[in-house]
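K.L.:
I am attaching a structure below and will ask some questions about it afterwards.
Read-outs: derived from the displayed coordinates by stated rules, not from any lab. The structure displayed is predicted, hence computed values, not measured ones. Because the Cβ atoms are built from the backbone with ideal geometry, glycine has one as well, and the counts that use them run over all protein chains shown.
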């Protein structure tokens, strides 16, 4: 595993461990924080649903930007993704990736709320 701190990566077990400060930095980006709040409120959603919720809150954002920020949150272990089948009203079932908060993200959001 690697331990990453102060711009350096250190060996530590079988993966990467990010410092609490790095996770807080990732979470406090305005759009990422809004995405996390949507997932906190709604539960498991796929990208287009997240975009719809954000647009409903007056945030003009496109799917690619939300996908990018979800990939960063996934990289830092703040969201989890799981493929599921979605059955549209017409046509065949489509595999879409649903995202949900990890326990770590819930803990960090709780800490931010208490500041």
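K.L.:
For the stretch 11-114, how big is Rg over Rh, using alpha carbon atoms and the Kirkwood form of Rh?
P.N.:
On the way: Rg = 14.7 Å, Rh = 14.6 Å.
That ratio is 1.01, to two decimals.
K.L.:
Want the number for residue 31 to residue 87: 0.36 nm per residue separation, take away the alpha-carbon distance, what's left?
P.N.:
Gain on stretching residue 31 to residue 87: 17.3 nm.
K.L.:
Follow-up question, since we're still on this one. Residue 19 versus residue 62, label points 7 Å from Cα toward the beta carbon: distance in nm?
P.N.:
3.5
K.L.:
Neighbouring Cβ atoms within 10 Å as the yardstick, rank 28, 102 fewest first.
P.N.:
By the 10 Å Cβ count, ascending: 28, 102.
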